[in-house]
Amino acid sequence: MRKECKSCKRHFWTLDPDRELCGDSPCVPYYFIKNPPTRRAYNINEMREEFLSFFEKKNHKRIKRYPVIARWRDDIFFTIASIACFQPHVTSGEVPPPYNPLVISQPCIRTTDIGNVGKTGGRHLTIFEMMAHHAFSSKEKEIYWKEETVAYHHEFLTKQLGIPDDEITYIEHWWEGGGDAGPDLEGIVRGLELSTLVFMEYRKVGNTYEKLPLRIVDTGYGLERFTWISKGSSTAFEAIYGELFDKFLKKFNLEKPDEKILCEAMKYSGMVDVTDSNSLMEYKLRVSKSLGMDIVSIERIIRPFEIVMAILDHTKTIVFMLGDGLVPSNVQAGYFGRFFIRRVKRLMDMLKVYVPISELLYMQLLYWKDQFPELMEKSDYILHVAELEISRYEKTIEQGKSIISKLIKNEEIQKNASIPVEALLKLYDSHGLPPEMVKEFAESYGIKVEIPEAFDAMVSALHSSTSTKKEEDILQGIPSSLPPTELVFYSDPKLRSIKARVLYSDNNRVVLDRTIFYPEGGGQLSDIGVMIDNGREVKVLNVKKSHGIVVHFVDKPIEIGREVECFIDWQRRKILSKHHSATHILIGAARRVLGDHVWQHGAQKDVDKSRLDITHFEKINDKQLREIENLANKVIQECRPIRVYFEDRNIAEQKFGIRIYQGGVVYGRKIRIVEIEDWDVEACGGIHCSNTGEIGLIKIIRTERIQDGVERLEFVAGEQAIRYIQSQEDLLNELSKILNTPIEHIRKTTINLVEELSKSRKLIESLREKIAQSLYSNLKPEVINGFQLYYGIFDLSHEELLKLASFIIKKDNMSITIFISKIDGTVISMIGSEAMKKGINAGKIVSNFVSMFGGKGGGKQDIGQGKIPLSKIQEIDFHKIKNSINDMVIK
């Protein structure tokens, strides 16, 4: 029967005629704690298997989990739900599902509720498994819909798990995610939402909803929640982690709180929104009244326990992130890897107990190794990278004190005597400085800092969405009725010329019925060449493709309907194809040398040289670089075949895995596969060689760390590699002539020259020291309010003036110096340590001085530098300078 909840006013379905409340929190507390409704208790592995085998018996195909990094999507970083594995390709109707119906237990990561983790007993988790059965019905074939979905759910809960059917309520709701939407029912038992049954049939377009081509059963059964309710434990963490929970408590020198206090606190935890101060206080008062204890005493007991629960959750999250190939960095998904590692460190600091993060992660790996053996295979990488991140974080904190010192001197902050939340967020997001550290440091200077309960969720929200570039509209003005262009460059990549008919033309664009010109895409430049129109040459300057139409950008128009002969720049095509195939070889080599965590972050195949950006946690050293290059050239020498073919997306994914999306998201039911035999397989739309031997040679010319977690390899291949090597030989020959020594002796000669240069520099430095000493003995300073002012115009270089000023301030800590060079107009000012303490600023002295003569300059408190025109030197009046400095001294 359908009822309305007296508390939340939502509609729900029940078999109990006397039920007045929907049964969900916050309308009711958790009343399954110490009172489980299931026939028996299950551990996490048993519950997963119970679910999967139940649906297998119902003719659902069990499929393996997808990675938690959603590399097949360009709109999300992580797999946030089981349906995310099939969006947008399957849900749009473009690609059939791998099986229909299917069942899966998919690890998911969500960062939106991070601040609640540990505080709500287990209702909020960062990482969780979504058990799900999915069915995709079309007009041609109905699989099943609402009645069957609810029946399966009800049977699993009642007959399989033994939950009394009158204890189950179904709350009506509306669901949206990944652009899809539909009505849903939430399955509730004893205060805990266990499942969501979504009937997806709409696509959200702006503020409207359009019918999807499919009707999709999208269910989500929370594995951790089902396990928790079967055990009736005080928290979900005890049910999920079992003995691992006890081991973590022991590591942090903690004991489980008194069972009565814990159960009472967790019973009401589902009724609280910890980001809402009113809700939080209401919860605390309710628990306090129930236990007959004051709030402070309860928090002192519960808070350390909550922190350990959060550490358990986060360390599992880190293991799955890194195990599935994430490299921590400052951007995109990598940001969250770093964020969680640092948050674990911050949580440990709150407990004032530090356990090496690698120990905690290894404990997680051991616990999950039988269920997820692939993670243990990546253990070396996971442990090494996590410890590396902690050491970087500690250095960041050490350097952060100076950043906070500057911030608290800000006039607005001094005026309000507090640091706003926006500044706290920026300090953490841009500099990695935790709010607890900022609070401790700032409050020692009397600056107040309030850290919001939802601080971590606020940080997470800054990075929760991906950014996609807006595609250029190259089809503007071109009739939409044009048929797709026949892509002859795919069907016959060796063809150098063809005849084609002009379907559309304007001042600078031409569309043909067929083309051999490869359009720009996948990091590869387009072909260029010419079209011959009745003997007239039309240059093809660039080529692009959109929605199946290839647009040729030309230097002059061609009449529509004309037949033209097309010729591509074959030499350019050969170079680009070699560079593209070389990119695939290099990514395979980098993965074998550096590890499986290596993914392509970006690539550009150019004519002169190309680049490959890869994810890696540290700078590639010379030895690794040489190994990558040698391995790549070995593959070239082996003349391995490069097969290019179209494959059904599902078959390709099942055969090669998600690794095929190395170059980014690929659309379509059938995807183009480029396979280098036993080396690398990718979904790729580029032009390639037919075997690796055609490339000839790969030479890596430089590496660069372009951002945290991303290394760039610049390389050349084929003839370009030979030209590069020859250019290096020319440089060596030229150097040999300059040094007047044979090439084989250049190294020894250079070492000798460097040693001689070093001796000369030491001699010059010694002479400068003597010059400074000599000048100092002849200089007579003027006394200005207790300061010694040294000034003058000298026939000295910039370096010699610096040496003189430096010599003086070491001798006299109350000194102020200002010197001008006759050689180039350089102005130098340095001040002694005591003068600095009095507030004298060398940068301001120089700035004031050069402004009198149309020069430029400034600097820091201890040193100022600038320049004035040589023609102005004769106008210098040191009396004015002395007055200016005297004014500064008085201020």
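The values are calculated or read from the model by the stated rules, or taken from the named source; none is laboratory data. Just so we're clear, the structure is a prediction, and the values are computed from it rather than from any experiment. For neighbour counting, all protein chains shown are included, and Cβ atoms are generated from backbone atoms with ideal geometry for every residue, glycine included. Just so you know, the surface numbers come from the protein's heavy atoms only, side chains and all, with ligands and any DNA or RNA stripped out. Shrake-Rupley method; radii C 1.70, N 1.55, O 1.52, S 1.80 Å.
Given 250/316; 119/289; 6/284; 3/267, which pairs have Cα atoms separated by over 21 Å?
Working: 250/316 18 Å; 119/289 19 Å; 6/284 24 Å; 3/267 25 Å.
Check vs 21 Å cut-off fails for 6/284; 3/267.
What residue among 851, 530, 149 has its Cα farthest toward the positive end of the dipole of the chain, where the charges are +1 on Lys, Arg and -1 on Asp, Glu, each on the Cβ?
851
Check the range 390-452 and count each lysine pair with an alpha-carbon distance under 16 angstrom, considering only pairs eight or more places apart or from different chains.
Going through the range 390-452 pair by pair, I get 12.
Based on the alpha carbons, how large is the Rg to Rh ratio for the range 610-744 when Rh follows Kirkwood? The partial results should precede the final answer.
Values: Rg = 18.7 Å, Rh = 17.4 Å.
Looking at the range 610-744, the ratio lands at 1.08.
Mind running the shape call on the chain? Use the C-alpha gyration tensor, a ≥ b ≥ c as the square roots of the eigenvalues: rounded below 1.5 for a/c, prolate if a/b tops b/c, oblate otherwise.
oblate
Modelled label-to-label distance, residue 723 and residue 416, 7 Å Cα→beta-carbon offset: nm?
5.9
Can you list the residues, at least 5 places off or on another chain, whose amide H is less than 5 Å from the amide H of residue 526, using H built in the peptide plane?
HN-HN under 5 Å from residue 526: 520, 543.
Classify the range 583-654 as rounded, prolate or oblate, taking a ≥ b ≥ c as the square roots of the eigenvalues of its Cα gyration tensor: rounded when a/c is under 1.5, otherwise prolate if a/b is larger than b/c and oblate if not.
Because a/c hits 1.5 or more and a/b exceeds b/c, the range 583-654 counts as prolate.
Work from the charge dipole of the range 302-408 (Cβ charges, +1 for Lys and Arg, -1 for Asp and Glu, about the Cα centre) and give the residue of 400, 381, 317 farthest towards its positive end.
The residue sitting farthest along the positive end of the dipole is 400.
Whole-Hz Karplus ³J(HN,Hα) for the range 164-180, in order, using 6.51 cos²θ - 1.76 cosθ + 1.60 and θ = phi - 60°, x for Gly and Pro?
x, 5, 7, 8, 8, 10, 10, 8, 6, 8, 10, 10, 9, x, x, x, 9
Between residue 572 and residue 285, 0.36 nm times their residue separation minus their Cα-Cα distance comes to what?
On the way: separation 287, 0.36 × 287 = 103.32 nm, distance 7.49 nm.
Here the segment from residue 572 to residue 285 would lengthen by 95.8 nm.
Stokes-Einstein D for the range 1-89 at 25 °C, 0.890 mPa s, Kirkwood Rh over Cα pairs, in µm²/s?
Numbers: Rh = 17.3 Å.
So the translational diffusion coefficient is about 142 µm²/s.
Quick check for me: using +1 on Lys/Arg Cβ and -1 on Asp/Glu Cβ, what's the dipole size of the range 727-781 about its Cα centre, in debye to the nearest 20? Please list the in-between numbers first.
Working: 9 positive and 8 negative charges, 106 e Å.
For the range 727-781, the charge dipole is close to 500 debye.
If I ignore ligands, DNA and RNA and count only protein heavy atoms, how much of residue 501 is accessible to a 1.4 Å probe, in Å² to the nearest 10?
100
Calculate the FRET efficiency for residue 793 and residue 706 from the Cβ-Cβ distance with a Förster distance of 60 Å, rounded to the nearest 0.05.
On the way: r = 47 Å, r/R0 = 0.78.
Efficiency, from the Cβ-Cβ distance: 0.80.
What are the residues whose amide H is under 5 Å from the amide H of residue 108, where those residues sit 5 or more places off or on another chain and H is modelled from the backbone?
Result for residue 108 returns 128, 129, 130.
About its Cα centre, what dipole magnitude does the range 414-533 give when the only charges are +1 on Lys and Arg Cβ and -1 on Asp and Glu Cβ, stated in debye to the nearest 20? Mind dumping the intermediate values first?
Numbers: 12 positive and 18 negative charges, 97 e Å.
Magnitude of the dipole: close to 460 debye.
FRET efficiency for residue 492 and residue 440, Cβ-Cβ distance as r, R0 = 56 Å, nearest 0.05? Could you put the intermediate results ahead of the total?
Details: r = 69 Å, r/R0 = 1.24.
FRET efficiency, residue 492 to residue 440: 0.20.
For the range 699-796, just the Cα atoms, rotate onto the principal axes and tell me the three extents in Å, largest first.
73, 42, 21
Sort 185-192, 720-727 for me by packing, meaning the mean count of neighbouring Cβ atoms within 10 Å per residue, highest on top. Display every interim value, and only then the final one.
Numbers: 185-192: 23.6, 720-727: 15.8.
Per-residue Cβ counts within 10 Å, averaged per peptide and sorted highest first, yield 185-192, 720-727.
Mind giving me the FRET efficiency for residue 145 and residue 64? R0 is 22 Å, r the Cβ-Cβ distance, nearest 0.05 is fine. Working shown, then result.
Details: r = 26 Å, r/R0 = 1.20.
Once the sixth-power term is evaluated, E becomes 0.25.
What does the charge dipole of the chain about its Cα centre add up to, to the nearest 20 debye, if the Cβ of each Lys and Arg holds +1 and the Cβ of each Asp and Glu holds -1? List each step's numbers first, then the result.
On the way: 124 positive and 125 negative charges, 362 e Å.
That gives a dipole near 1740 debye.
Considering only DSSP beta bridges whose two residues both sit in the chain, what percent are antiparallel, to the nearest 5?
On the way: 120 of 135 bridges.
Rounded to the nearest five, the antiparallel share is 90 percent.
Ignoring everything but the protein chains, give the 1.4 Å probe accessible area of residue 174 in square angstrom, nearest 10.
The value for residue 174 is about 110 Å².
Grab the Cα-Cα distance for residue 776 and residue 626, subtract it from 0.36 nm times how many residues apart they are, and report the gain in nm with one decimal. Working shown, then result.
Numbers: separation 150, 0.36 × 150 = 54.00 nm, distance 5.48 nm.
Contour length minus the Cα-Cα distance gives 48.5 nm.
At 0.36 nm per residue, and after removing the present C-alpha to C-alpha distance, how many nm does the segment from residue 507 to residue 297 gain when stretched out fully? Write down the numbers at each step before the final one.
Numbers: separation 210, 0.36 × 210 = 75.60 nm, distance 7.94 nm.
Gain in length upon complete extension: 67.7 nm.
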